[in-house]
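The block underneath contains the structure these notes are about, expressed in C-alpha cells.
None of the figures in this text is laboratory data; all of them are computed from the coordinates on show. Quantities reported herein were computed from a predicted structural model and do not represent experimental measurements. Every residue, glycine among them, receives a Cβ derived from its backbone with ideal geometry; neighbour counts consider all protein chains shown.
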There are 2 protein chains.
Amino acid sequence: MDFELERYVAGILRDIRERGNDAVKEYSIRFDGYAGPFRVTEDEFEEAARSIPRRDREIILRTVKRLWEYHERQMERERLFIKNGSLYGIIYRPVRRIGIYVPGGKPLPSTLMMVAVPAKIAGVKEIAVTIPPKDGKVNPYVLYVAKLLGITEVYKLGGIQAIGAMAYGIGMKKVDKIFGPGNRFVNEAKRQVFGVVGIDSLAGPSEIAVIADETAEKEYVLADLLSQLEHGKDSRAWLLTTSGELAEFCSREGIEVVLCENLEECVRRANEIAPEHLEIITERPMELVDLIENAGAIYLGPYTPVPAADYFLGVNHVLPTGGAAKFSGVLTVRDFLKPISLAGVSREEFLAERELGLRLAEIEGMAFHRRSMEVRR
Amino acid sequence: MDFELERYVAGILRDIRERGNDAVKEYSIRFDGYAGPFRVTEDEFEEAARSIPRRDREIILRTVKRLWEYHERQMERERLFIKNGSLYGIIYRPVRRIGIYVPGGKPLPSTLMMVAVPAKIAGVKEIAVTIPPKDGKVNPYVLYVAKLLGITEVYKLGGIQAIGAMAYGIGMKKVDKIFGPGNRFVNEAKRQVFGVVGIDSLAGPSEIAVIADETAEKEYVLADLLSQLEHGKDSRAWLLTTSGELAEFCSREGIEVVLCENLEECVRRANEIAPEHLEIITERPMELVDLIENAGAIYLGPYTPVPAADYFLGVNHVLPTGGAAKFSGVLTVRDFLKPISLAGVSREEFLAERELGLRLAEIEGMAFHRRSMEVRR
C-alpha cells in the first residue's frame, strides 16, 4: 500500500466532506484549471451532437447496438421455487442511482458505453457521469454517447473531487455505486469511499497474455502484444508460446516471452499471471479453455484481437487487472443488480423444522433468537 | 471514516507484511493470549466431534442439508451463444482458494455453514478457516462443521493478524478472497487488504425492519424486533406499521416505531432505511414485494421470523447492513465464482464489422489498437 498516496487522498476527501461545494470548486480549479459551472447544459449536448460527422454517429450507433444485443442476454431474473408449501429464492432489483467516472486523459467514449449499456439493461433509473473538462469542455463523443443512452446528468468534474462529489452528494444527489476506471488518485479515492457507496473494481494498468503455437501468424501476435502496451508505460504484455521462431520474433521487439514445452504449460503460466486479457491463437484454441482458471477475458483464434473486443465485438472491456482475475471477473449486468433473499414459510414447515433453530440458538447462546421461534404456535 | 482506527490497523498490517510470522505470533499473544501452534490438528478435530452429543450432530447435519438444497439452485452455468458464426458469452470459474474468518465473540458455527456451503457448491478447491482461540481452544461445533464440509485447514487466529496472515500468506498459503464477518478491527483490516485479495463485504451491526398491519400477532412482531437487538448494542430495529395499537405495544419496549398512513408508506420508509432484514407481517404480504427496492432479505408472513432464516430455513444469513442494501445483496454462490468473458470471432464477422473498431480507435487516438485490427486479412 502506498501510504503517502493514501494520506493525500484521505485529506482531500475529508476536506470535501467538511467544506462541500467550496472545496470541490477549489480542487477543480487547481487540478482541472476549471472554474465554471459543473453541470453540462442542454446547449452543450446539442453542440456536441452537431460537431460529430454523420458517419461517426452511425459508427457509435452500430457499436452501442452490438453491446446491447450482447448484454441483454445477461439480464438476471428472479429464481423462486416452492417447497413444502413455502416460497424461497432470490429476486433482483437494480441499483437506483449510479455514478460513472470517465477519465479525461484520453477521451474514451467507449468507457461510457461499456458501463452505461449494462446499467440501462439492468434498469438503473439514474445515471450521473463525471469527466474532467479540457479547456472547459467535455469531449463531444462522450456527450453524444450519453445523450444516445438517455443520460442527461453529466458533470465537468475529475479526479478525487469527482469521486468525493458522487460519494457524499456534493453539488449533486449522492449516488449508490460508482463505476469507471481512473488514474491512481481516482482508484485510491474509490477505495476509500467504499462502504459509503459501492464501487465496481479497482482498474490498474492494462495487460495481455497471448498463448500461441507454430500456426499463429507472427504479425498478428506481435501487433496484439504491442497494442496493449500503448495504454501506458505500466501496461504488461506476455507471450506464452511453444514456437521458438515466434518467441524470437517478439522478444526482439521487447516483449516478455515465455517459451514453453507444450500448450498445457502455457496455460499453467497464464493461470499464474491471471491476465486481464488472454488470447489463444493456436490450431485448436477451444481445446485449452477447460484448463483456464484465471483470466478476465479469453479470446479465441486469429480474428479475436483484444482491440476488437475493446471496441466493437459487443463484449465488455471492463476487466480485472493486476492478478484480480483470481478473485473477480468481467463487468456484467449483474453488477448493477442486487440479489435480495426472499422467503415465505408455511406454518406447517416452520413448526416441523423449528427444532433445528431452537437448538442452534441454544448452542450459540442467543436466547431472544430462540424466543422469537418459540413464541409462534 | 475513523482515521485513528485506520492508522492503527494499517500499522499492524504493515508490521505483519514486514516481519511475517514473528509479528503474527506476537499479536496472537497480545490479543488472543495464545502462544501455541496455529493449525488445528487431526486429534483436535476428532476430540471436537466426540464432545458433541449425537442429537446435535444430527441437528447440524439436517441444517447443512437444507442449506445445500437451497444454494445448489444458485449454481451459475456458462452462457454461450453463437451469432454470425462467432462464439460469445460468459464462462464461470470458482475462486481457487478462499479464507473464512469466523468471529470468536460468540461461537458461531452457523457463520461457517453460511459461507462454506455455497463455496463448496461453487467448486472452491481450498478453504482456510481462521477463528480466535479461547483458552487455546476452538469451539468444537465450528470444528465439527468444518470437518463435515471437508475443511481440514483451520487456524487458531483472530483479529487483524488473521486477516493479514490470509491476505499476505503468512504461515499459510495466501488466499484469493476473504469472507466472513468480524468486529470493526477485522472489517477495517479487510477494507485495507482489498485489492491484494478480494473481500466479500463489510458486515456492520445487524438490523431488522418489520412492516406489520392490524392483523399481525403483536407478540411475534415484538419477539422478532427484540431478537435482532440481542446481537449487540449497535443493532437496530424498526417497526413500520399502520396499527396504532401495535405501535404502542412495541414502543413501550423501546423499539423505534414509525406509524404510517398506509402500507405503501411503510414500504417507502423501508426503502429509505434499506434494512438488512425486512419482515412483512400483513394480511397479504406478497402484494408489497413489487414495491421493495432496498433490503438484504424479505421474509413474508408470520412464520418467517429472522431467527428461522438465520439458522435453519436454508437461505443465507450473510446480508448487507448499514444501508449497503442500496448497492449490494445477499451472499450467493456467485460470490465464489468469477465470470470470464469469452469470444471467438469468425473471419467473416471480423472483416465485416472491423470498420467500427478502426474508426473508434482513431477517435480515441489509439494507433496500435488500430494497427492490430488492420493487419488482419
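What net charge is computed for the residues neighbouring A:S51, neighbours being all others with C-beta under 11 Å from the C-beta of A:S51, Lys and Arg scored +1, Asp and Glu -1?
On the way: positive: A:R50, A:R57, A:K137; negative: A:E44, A:E46, A:E47, A:D56.
That sum, taken over residues with Cβ under 11 Å, equals -1.
Based on the Cβ-Cβ distance from A:R269 to A:I29, what FRET efficiency comes out when R0 is 60 Å, to the nearest 0.05? List each step's numbers first, then the result.
Details: r = 48 Å, r/R0 = 0.81.
Step by step, r from the Cβ atoms, then E = 0.80.
At 7 angstrom along the Cα-to-beta-carbon line, where would the label on B:G150 sit relative to the other copies? Give the distances in nm, shortest first.
In nanometres, ordered from closest: 4.6.
Copy-to-copy spacing for A:G105, label 7 Å out on the Cα-to-C-beta vector, in nm, shortest first?
4.2
Given the C-alpha centroids of the stretch B:293-339 and the stretch A:1-31, what is the distance between them in whole angstrom?
The two parts, judged by their Cα centres, are 35 Å apart.
How far is A:E245 from itself in the other copies, in nm, if each label sits 7 Å out from Cα along the Cα-Cβ line, shortest first?
9.0
Pop a pseudo-label 7 angstrom from the Cα along the beta-carbon direction at both A:R39 and A:D22 and give the gap in nm to one decimal.
Here the modelled spin labels are 2.3 nm apart.
Enter the mean number of other protein chain beta carbons within 10 Å of the beta carbon of each residue in A:333-340, as an integer. If you can, show how the numbers build up before the last one.
Numbers: counts 0, 5, 2, 1, 1, 13, 11, 14.
Counting Cβ atoms of other protein chains within 10 Å of each residue's Cβ and averaging gives 6.
Modelled label-to-label distance, A:D2 and B:R79, 7 Å Cα→beta-carbon offset: nm?
For the pair A:D2/B:R79, the computed spacing is 3.6 nm.
Taking each residue in A:224-231, count the Cβ atoms of any other chain within 10 Å of its Cβ, then average. What number comes out? Mind showing how you got there, number by number?
Working: counts 7, 2, 4, 10, 3, 1, 9, 3.
Across A:224-231, the average partner-chain Cβ count within 10 Å equals 5.
Using a 7 Å offset from the Cα along the Cα-to-Cβ direction at both B:W68 and A:L351, what is the distance between the two label points in nm, to one decimal?
Those two pseudo-labels are separated by 2.9 nm.
Going by a ≥ b ≥ c, the root eigenvalues of the Cα gyration tensor, does the stretch A:234-377 fall in the rounded group (a/c under 1.5), the prolate group (a/b larger than b/c) or the oblate group?
Values: a/c = 3.68, a/b = 2.94, b/c = 1.25.
Prolate, since a/c reaches 1.5 and a/b exceeds b/c.
From Cα pairs below 8 angstrom and at least 6 apart in sequence, can you work out the relative contact order of chain A, rounded to a whole percent? Don't skip to the answer; put the middle values down first.
On the way: 675 pairs, mean separation 70.5, N = 377.
Relative contact order for chain A comes out at 19 percent.
What translational D, rounded to a whole number of µm²/s, comes out for the protein assembly as shown from Stokes-Einstein when the hydrodynamic radius is the Kirkwood one over Cα pairs, at 20 °C and 1.002 mPa s? Each step should come with its number before you reach the end.
Values: Rh = 27.4 Å.
Estimated via Stokes-Einstein, D reaches 78 µm²/s.
When the helices in chain B are scored as -39500 (n - 2.57) per DSSP H run of 4 or longer and the sum is shared across all residues, what 222 nm value do you end up with, to the nearest 500 deg cm²/dmol? It would help to have the intermediate numbers written out before the result.
On the way: 14 runs with 162 residues, N = 377.
Rounded to the nearest 500, the figure is -13000 deg cm²/dmol.
Over the whole of B:292-302, what's the average partner chain Cβ count within 10 Å per residue? Rounded to a whole number, please.
The mean count of partner-chain Cβ atoms within 10 Å per residue comes to 6.
Name the shape class, rounded, prolate or oblate, that the alpha-carbon gyration tensor gives for the stretch A:3-199, where a ≥ b ≥ c are the square roots of its eigenvalues, rounded holds for a/c under 1.5, and otherwise prolate holds if a/b is larger than b/c and oblate otherwise. Kindly include the intermediate steps, with their values, before the conclusion.
Working: a/c = 2.31, a/b = 1.21, b/c = 1.90.
It is oblate, given that a/c is not under 1.5 and a/b is not larger than b/c.
Net charge near B:Y168: determine it from the other residues with C-beta under 9 Å of the C-beta of B:Y168, scoring Lys and Arg +1 and Asp and Glu -1.
Values: positive: B:R17, B:K174; negative: none.
Overall, the nearby charge balance is +2.
Could you work out the pair-distance distribution P(r) of chain A from its alpha-carbon pairs, with 20 angstrom bin width and percents rounded to whole numbers?
Taking every Cα pair in chain A, the percentages come to 24, 46, 26, 4.
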